[in-house]
Amino acid sequence: MNVPLLDLVAQYRSIKDEVLPAIMAVIERQAFVMGAEVGQLEAAVAALSNTRHAVACASGTDALLLPLKALDLQPGDEVITTPFTFFATAGAIHNAGGTPVFVDIDPATFNIDPAAVEAAVTPRTRGIVAVHLFGQMAVMEALLPIAERHGLGLIEDAAQSIGARRKVGGTWRVAGELGSVGTLSFFPSKNLGAYGDGGMMVTQDDALAERLRRLRLHGGSTQYFHDEVGFNSRLDTLQAAVLLAKLAHLAEWSVARARHAARYTEAFIGHSDVCPPRTDPANEHIFNQYTLRAPRRDQLQAHLKAGQIGNSIYYPLSLHLQPCFAHLGYAHGSLPVSEAASAQVISLPVFPELTEAQQQAVIDAVLGFYA
Ligand SMILES: Cc1ncc(COP(=O)(O)O)c(C=O)c1O
């Protein structure tokens, strides 16, 4: 059986009757830039994220870049982040004029290790970018006091974790709710995916929200008058219309992902070769990815590929070892937990529309490899 890693066509078929009229309504009005749907989506995402503001932008990458720009980084200013993430996290730090400082991760959740963050703070540190990887939140209650003590911006890269929650001090907190700013991606493979690129920044900070709104529109709050040099980073009205239609399904889709994840874990647990992902008990995981650790990972991947079972390696090379960051001087072995993860992980299909038969085929293929 051919099982794709992600089946966006299956999802499209299930919501076609809702998405197509929403798209056509925008086309009928020809309001392609900053149309009404953009504001409606911002309001809905702010409500979902428990934040006062949501500011839409062109991508999850720009959602990181704009708040990093708002830190007014000077050459040599440092921003601490994880090396085990999609490249955009660190690329945005570089492009905002900062120096990424990579620290190691927690082997259980793959998220940034707060003790390592604390140890990496220097007089040049200006911010922290914590990534809520694969769908579960980083340890915000440990990161917030570090940011506060040292006067640092704390950006939550929630590209993979829209609506994920963590119990902090007995209260459920949503990804993006607690940091200086939370950033979302609507890349099609995300839990809430657009029909193209898109992103969003959420924040409680009125002044920062205002600045982010300016930065996405060439740095001006009044047309043709520019307080600073910003960007053209708007979310298309068409994408906002698609996302509004899809938002109604996000909760049920994330529940379906979690159900598939539980079934995988039930099937894999007890098999000494396969190490299912661990959910921090304080977290509600939304499983943008279901990521195993597996011995002989590359051979397993070849086996799955031969059996037409979709899979992917997120991420094969830690960011501190990427050629573009060679000048930062990180050696092989300097961040061993992240490097080990890169050698061991493999992600399996966990999209909401995955059928039981498809999932069984994935389970059989994985266990068959180790039999
Ligand atoms: C953790 C993380 N950060 C940032 C991004 C960048 O988002 P985008 O692709 O929308 O620019 C992504 C996803 O692609 C991501 O997974």
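The values are calculated or read from the model by the stated rules, or taken from the named source; none is laboratory data. It should be emphasised that the depicted structure is a prediction, and the values quoted were computed from it without experimental measurement. Neighbour counts are summed over all protein chains in view; Cβ atoms, including those assigned to glycine, are modelled from backbone coordinates with ideal geometry. Please note that ligands, DNA and RNA were not included when accessible areas were found on the heavy atoms of the full protein model with its side chains. Shrake-Rupley method; radii C 1.70, N 1.55, O 1.52, S 1.80 Å.
What the table shows:
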quantity: For segment 64-141, with +1 on Lys and Arg beta carbons and -1 on Asp and Glu, the positive-most of VAL121, VAL79, LEU68 along the dipole; calculated: LEU68
quantity: Residue-span extension gain [CYS324 to GLU356] - 0.36 nm each, minus C-alpha spacing; calculated: 7.3 nm
quantity: Equivalent ellipsoid dimensions for segment 224-277 as semi-axes, Å, which come from the Cα gyration tensor, largest first; calculated: 43, 18, 7
quantity: Whole-number percent relative contact order across segment 175-317, with pairs defined as alpha carbons under 8 Å at least 6 apart; calculated: 14
quantity: Rounded percent of accessible protein surface that carbon and sulfur make up, the chain, 1.4 Å probe; calculated: 56
quantity: Percent of beta bridges antiparallel (DSSP, the chain, rounded to nearest 5); calculated: 60
quantity: Electrostatic dipole magnitude of the chain [Cβ: Lys, Arg +1; Asp, Glu -1; Cα centre; debye, to 20]; calculated: 260
quantity: Where labels lie 7 Å past Cα in the beta-carbon direction, separation of VAL33 and ILE15 in nm; calculated: 2.7
quantity: Alpha carbon centroid spacing (whole Å) that separates segment 205-220 from segment 170-199; calculated: 19
quantity: Inter-site label distance for GLU118 and HIS332 at 7 Å from Cα along Cβ, in nm; calculated: 3.3
quantity: Alpha-carbon gyration tensor eigenvalues x 5, square-rooted, for the chain, Å; calculated: 32, 28, 17
quantity: Kyte-Doolittle mean at least -1.0 and Cα axial length at least 18 Å: DSSP H helices in the chain; calculated: 8-29, 36-49, 237-268, 356-370
quantity: Segment 35-120: GluC sites (Glu not before Pro) in DSSP loop, at most 11 other beta carbons within 10 Å; calculated: none
quantity: Computed label-point distance, nm, for sites LEU8 and ALA306 using a 7 Å Cα→Cβ extension; calculated: 3.1
quantity: Surrounding net charge for ALA88, when Lys and Arg each add one and Asp and Glu each subtract one, Cβ distance under 11 Å; calculated: -2
quantity: Percentage of interatomic Cα-Cα distances in segment 193-293 larger than 18 Å; calculated: 67
quantity: 12 Å beta-carbon shell around HIS303, net charge (K/R +1, D/E -1); calculated: +1
quantity: Rg [Å, one decimal], Dmax [Å, integer] - segment 78-215, C-alpha atoms; calculated: 14.2, 43
quantity: Cβ-based net charge around THR109, under 10 Å, with every Lys or Arg adding one and every Asp or Glu removing one; calculated: -2
quantity: Cα centroid of segment 254-283 to Cα centroid of segment 9-32, whole Å; calculated: 34
quantity: Cross-link pairs beyond the 32 Å C-alpha cut-off, checked among LYS167/LYS305; LYS69/LYS246; LYS16/LYS305; calculated: LYS167/LYS305
quantity: FRET efficiency for ASN232 and ALA47, using Cβ-Cβ distance with R0 set to 25 Å, rounded to 0.05; calculated: 0.40
quantity: Taking the chain and dividing mean pair separation by its residue count, relative contact order in percent (alpha carbons under 8 Å, at least six apart); calculated: 23
quantity: Rounded accessible area per residue of segment 296-349, 1.4 Å, Å²; calculated: 47
quantity: Rg and Dmax [Cα atoms of segment 302-371; Å; Rg one decimal, Dmax integer]; calculated: 16.2, 49
quantity: Mean Cβ count within 10 Å, highest first, over the residues of peptides 348-359, 49-60; calculated: 49-60, 348-359
